[in-house]
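The values are calculated or read from the model by the stated rules, or taken from the named source; none is laboratory data. Predicted model, so just to flag it, every value in this text is computed and none were measured. All Cβ positions, glycine included, derive from the backbone under ideal geometry; neighbour counts span all protein chains shown. Protein only, heavy atoms only, side chains kept; ligands, DNA and RNA dropped before computing areas. Shrake-Rupley method; radii C 1.70, N 1.55, O 1.52, S 1.80 Å.
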Amino acid sequence: MATSPCSSSGVSSSSSSGLGADAGLEIRTRSVEQTLVPLVSQITTLINHKDKPKRSDKTLQAIQRVGQAVNLAVGRFVTVGEAIANENRELKEEMSIACIEARRAGETIAQLTDVASLDHPESDSHITIFTDKTGVVKAARLLLSSVTKVLVLADRIVIKQIITSRNKVLATMEQLEKVSSFQEFVQIFSQFGNEMVEFAHLTGDRQNDLKDEKKKARMAASRAVLEKCTMMLLTASKTCLRHPDCESARINKDGVFHRMRLALEQVIEIVTDSRPNGENEMAPISIYSGIKEFKNKVEGLRENLYFLSKENLSTMLEVILEHTEDFTDSAYTSHEHREHILELSKQAKMELEQLVSVWMQAQNQKTKDLMEDLEVAILKTCQCMNELKREVHSAATSLAADLLKYHTDHMVLKALKITGVEGNLEAVAEYTCKLSEQKEQLVEMCRLLRHVSGTEPLEITCIHAEDTFQVTGPQIISAAETLALHPSSKIAKENLEVFCEAWESQLSDMSMLLREINDVFEGRRGEKRVYLSLPRPGKHNANLKALKPVKLDTEEQAKIAKLGLELHLLTSDVDSETEKWEDQENEIVQHGQGMSSMAYSMYLFTRGEGLLKTTQDLFHQAEIFATEGTKLASALHAFSDQVHVDDKPLLLLEAEKLISMCKQLQITAKASVQGKSATFTKVDACILKTRNMMTLLCQLLPLCCKLLRKNFFGNGCLKPAPPWREDRIRIGTNAHTPERRAETFGIKSLENHVTSMTFLESK
């Protein structure tokens with residue numbers, strides 16, 4: 001079923017000048033937003049220019065140049081938009097109208113700013129920016145609205161690509177479900193692997209482009225499911241083909257297909273911002289978010305005694321205390337924690353009663369004594385809620401730490417593998433019961449951790465982990481039953497191994513998640529997300545042989561620990577530098593943050609933690625890191641065109657250094673090695689080169705920040721716009737290869753034309 005992309009993007013954006021686009025449009029991606037920034041900056045400058053009685057020739061010339069620059073850039077932008085419209089007939093009419101509006105608005109702005117040649121630009125005989133400010137505002141609104149419509153329409157094409165890719169994956173999955181021979185399965189699975197890689201790339205780009213962190217986390221979770229399920233689908237399908245009459249094998253395979261379909265559907269829901277049957281997404285409220293909102297309301301009484309009712313506050317507290325029952329009713333909560341939570345819940349009710357009493361009195365009579373009593377009541381109520389938050393956090397995290405430590409030996413999984421190979425159905429049944437108990441414990445752990453996760457992305461990660469344990473547990477059981485029924489089957493044994501590895505991987509991820517939750521609670525770090533790499537090369541090869549995972553042993557981890565620590569310190573330095581930038585959406589900042597996040601995941605690898613489990617994971621991450629560095633170098637080249645001519649050589653020199661380092665890292669990461677010693681040497685080289693690139697990044701970020709302030713905020717002068725490259729239109733209209741066609745379907749070519757506009761900041 002194809003989903004319409006039409007409801008997915010739009011604009012809802014305004015500036016301090018009162019510039020607003022259509023209320024029906026909403027910007028949901030960073031690329032659309034960032035593309036509009038230079039345009040909004042220039043138009044805002046024009047509208048907010050100071051109305052001085054006397055204007056110098058330099059000021060008039062600058063205003064005229066900015067108007068001409070806007071008009072020229074819009075003209076080029078529109079040309080690309082029209083080229084895209086010609087390639088996509090279903091959008092041609094809407095795109096053409098938006099392009100006409102944008103061109104008309106750009107020409108109007110150019111006419112109104114044509115003031116440099118006039119002796120008296122403020123004279124009523126000439127309609128200019130000085131005599132018709134309302135006309136400028138109207139033209140600016142029309143321009144922003146129409147340009148945004150063009151961008152959003154172009155963005156729909158990206159969404160259409162993802163939907164088309166999803167539909168291809170679904171169609172091939174249906175073929176895989178129906179195959180009856182190994183030969184046919186091998187051919188179709190090879191095609192399926194290629195389609196999954198394409199889908200992973202498209203959705204990975206979209207995930208990084210999303211503005212909403214919650215949607216980003218949901219997308220990451222869905223993509224993780226698809227990546228892991230691809231190998232499960234392979235072994236489960238092969239087992240079913242080898243043992244076509246085995247019911248447990250069929251159940252196992254059906255479970256994988258069902259989970260993949262759900263994940264594919266969720267990706268499309270996120271991309272198109274829609275829900276099946278028009279239903280709204282009702283996310284469960286966590287104790288943390290409830291306490292945060294409750295405290296904000298309570299503290300708001302200091303400013304306004306009448307902005308909410310006492311019933312509202314009482315209801316909010318009731319909801320929070322209802323959620324604490326998840327802890328007090330849990331069989332896994334310790335007696336001590338249960339008693340403390342019940343005691344604090346009772347105290348919270350009493351503190352609120354006292355607060356409401358003083359609050360009602362203060363509404364009738366605002367005396368100094370009453371306001372002091374109110375302040376005390378507010379402080380005591382908030383303190384009680386903080387203690388409750390601390391207690392539930394302690395209960396959830398201590399339970400998680402105990403369970404993860406207890407299950408690190410994977411004894412139940414090992415026993416299932418052994419008894420399965422022995423064909424001991426009775427013993428398999430016994431251990432499947434133990435695995436079911438373990439699953440219930442881990443599911444309960446995830447539910448409690450969600451309440452104390454502290455951020456929405458981490459909440460979603462907890463929900464994803466809960467779903468993974470819920471689904472993987474029964475799949476391990478069906479795989480073990482199949483092996484017990486066919487103990488000599490190599491494929492049934494391999495299938496059980498794959499599902500057990502997924503379980504072990506999720507347990508490992510929980511350890512990392514627990515550390516992140518503790519870090520957020522203690523304020524040690526923000527929402528640093530480990531980069532989710534695309535499916536690893538080799539996983540979908542036509543020969544269907546999985547890469548043999550290689551992990552570092554304890555001695556190797558010890559050797560590489562110093563390098564890892566240096567990498568960790570550098571990620572902290574880069575994060576500190578990026579936080580100094582006022583514009584967090586700047587392309588240089590975005591690439592810097594991406595590189596820092598990837599370097600952090602590589603640091604975790606040196607400790608034997610995180611999502612990078614094998615050396616192959618690390619090498620692939622190093623390749624992606626180098627690619628991100630190349631993108632940063634490209635952004636630096638673009639930035640160098642906007643800085644003063646004296647500053648340009650230094651910036652280009654640093655960019656060339658970065659490009660050279662990226663190439664070296666790419667060569668190292670792709671180099672083929674054999675043997676334990678050679679593999680460790682390659683790991684060491686990759687991390688060393690990553691460290692060197694991070695060191696350079698630590699120097700680049702403050703340099704760029706300094707140049708940005710110097711060139712765009714210091715002198716207020718206008719640089720001429722760089723010449724527009726005509727070849728971009730040729731690419732837009734004559735591209736035939738899949739790679740080039742993919743480029744024209746995005747908003748990248750449009751983005752380049754808008755970002756070519758220069759800045760004029762009013763002095």
Note the full-extension length gain between residue 328 and residue 212 as 0.36 nm times their separation in residues minus their Cα-Cα distance, in nm to one decimal. 38.4 nm
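Give me the number: length gained by fully extending residue 292 to residue 309, i.e. 0.36 nm times residue separation minus the C-alpha to C-alpha distance, one decimal in nm.
Details: separation 17, 0.36 × 17 = 6.12 nm, distance 1.79 nm.
Extra length from residue 292 to residue 309 when fully extended: 4.3 nm.
Could you put 509, 583 in order of accessible surface area, largest first, with the 1.4 Å probe and the full protein assembly present? Don't skip to the end; give the middle numbers.
Values: 509 30, 583 65 Å².
The ordering from most to least exposed comes out as 583, 509.
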For residue 692 and residue 440, compute 0.36 nm times the residue count separating them, minus their Cα-Cα distance, and round to one decimal in nm. 86.1 nm
In sequence order, calculated HN-Hα J values of segment 366-381 (Karplus, 6.51, -1.76, 1.60; Hz; x Gly/Pro): 8, 8, 4, 5, 5, 5, 5, 5, 5, 4, 4, 5, 5, 4, 5, 5
Using a 1.4 Å probe and ignoring any ligands, DNA or RNA, find the accessible area of residue 410 and quote it in Å² to the nearest 10. 40
If you take every residue apart from residue 67 with its C-beta less than 12 Å away from the C-beta of residue 67, what net charge results, scoring Lys and Arg +1 and Asp and Glu -1? -1
Estimated FRET transfer efficiency (residue 318, residue 402; beta-carbon r; R0 35 Å; 0.05): 0.70
Nearest-10 value in Å² for the accessible area of residue 433, using the 1.4 Å probe: 80
Could you check the simple spin-label distance between residue 497 and residue 583, using points 7 Å along Cα→Cβ, in nm with one decimal? 5.3
Residue-wise HN-Hα coupling along segment 438-453, computed from phi with Karplus coefficients 6.51, -1.76, 1.60 (Hz; x: Gly, Pro): 4, 4, 4, 5, 5, 5, 4, 4, 4, 4, 6, 5, 4, 5, 10, 5
On the formula 1/(1 + (r/R0)^6), with r taken between the Cβ atoms of residue 656 and residue 709 and R0 of 25 Å, the FRET efficiency rounded to 0.05 is 0.60
Mind counting lysine pairs for me in segment 134-237? Cα separation below 28 Å, and the two need to be 8 or more apart along the chain or on different chains. 24
Could you state how much accessible area residue 614 has, in square angstrom rounded to the nearest 10, with a 1.4 Å probe and all protein chains kept in place? 10
